[in-house]
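Working notes, beginning with the structure itself.
The values are calculated or read from the model by the stated rules, or taken from the named source; none is laboratory data. A quick note: this is a predicted structure, and the numbers were derived from the prediction, not measured. Cβ coordinates were reconstructed from backbone atoms using ideal geometry, including for glycine residues, and neighbour counts include every protein chain displayed.
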Amino acid sequence: MVRVCEECSRRKSCDEELYLGGFEDPVSLVLCGGAGKPSLAGERLTLPARGKDSRPPASRVKFRPMSPPERLHKAQYETLAAFRYALRKFTHFSEAAAQAAGVTPQQHQALLAIKGFPGRDRVTVGELAERLQLRHHSVVGLIDRLVLEKLVTRSPSAQDRRQVLIQLTARGEKTLEKLSGLHRAQLRRSGPELRRLLEQLDRVREG
């Protein structure tokens with residue numbers, strides 16, 4: 001994520017980057033040649049003036065600290081752990097079912113994301129990447145393998161020839177239908193436990 005200060009945005013003369021640690025993903029702030037005030041997540045950060053060849057350390061960037069998280073009780077930890085365990089059991093079932101059907105868990109997720117996309121049965125590469133929370137190049141490789149397995153097809157968009165649309169084949173439809181039936185049955189079995197744990201977590205929090 002990149003945020004540019006007002007001065008830089010106007011002059012388009014940014015030539016330095018400052019990386020801040022402590023985040024799940026590196027955050028890149030583009031700075032101008034002199035002192036700047038880039039913004040991050042809605043906050044205003046003030047960078048001290050620096051020399052032409054110097055780079056300010058991340059420790060000198062000042063920002064407003066976040067509010068401390070809510071303090072949890074032992075019962076909440078136990079409920080969260082039980083909920084995570086129930087989710088893991090379902091995930092393990094899903095992975096085993098996909099492999100038994102002759103596809104990888106990620107391929108199954110891709111088939112479901114395509115078929116279940118709101119309003120249509122075809123998606124662009126970017127839309128599939130967003131649904132799977134994967135990088136674009138990773139999804140391209142995944143689609144390549146699905147095409148080789150004759151589970152999906154690729155075709156150019158009629159509205160924009162630069163876009164490629166991904167759609168399930170008859171084989172992909174059959175594979176997904178079988179897996180979805182198994183998952184629905186498993187959810188009917190595990191759903192009440194998940195719902196009970198969520199309700200229990202709310203009761204502990206309110207208490």
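One table, with the values for the structure above:
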quantity	calculated
Filter result for Asp121 (loosely packed, with under 15 Cβ neighbours inside 10 Å, touching a residue at least 24 places away in the same chain (Cβ under 8 Å) and more than 30 Å from Arg84 (Cα to Cα))	yes
Residue in segment 96-117 that is at pLDDT below 95 and either in contact with a His (Cβ under 8 Å, 6 or more places away or on another chain) or charged (D, E, K, R) (or both) present	no
Every pair of residues 6+ apart whose Cβ atoms lie under 8 Å, when the first sits in segment 83-109 and is more than 15 Å from Gly181 (Cβ to Cβ) while the second is in a helix (DSSP H, G or I) and of a type in the set (Lys, Arg)	Gln107/Arg145
Selection within segment 160-204 - hydrophobic (A, V, I, L, M, F, W, C) and either more than 19 Å from Glu95 (Cβ to Cβ) or in contact with a Cys (Cβ under 6 Å, 6 or more places away or on another chain) (or both)	Val164, Leu165, Ile166, Leu168, Ala170, Leu197, Leu198, Leu201, Val204
Scan of segment 66-110 for residues that are farther than 30 Å from Ser155 by Cβ, in a loop (DSSP other than H, G, I, E, B) and of a type in the set (A, V, I, L, M), ordered by number	Met66, Leu72
Qualifying residue in segment 160-173 (condition: in a helix (DSSP H, G or I) and exposed (fewer than 15 other Cβ atoms within 10 Å of the Cβ))	yes
Positions within segment 111-156 being more than 19 Å from Ala101 (Cβ to Cβ), among the basic types (Lys, Arg) and not in a loop (DSSP other than H, G, I, E, B), in sequence order	Arg122, Arg131, Arg154
Single condition Ser59 does not satisfy, out of (1) part of a helix (DSSP H, G or I); (2) at pLDDT 90 or above	(2)
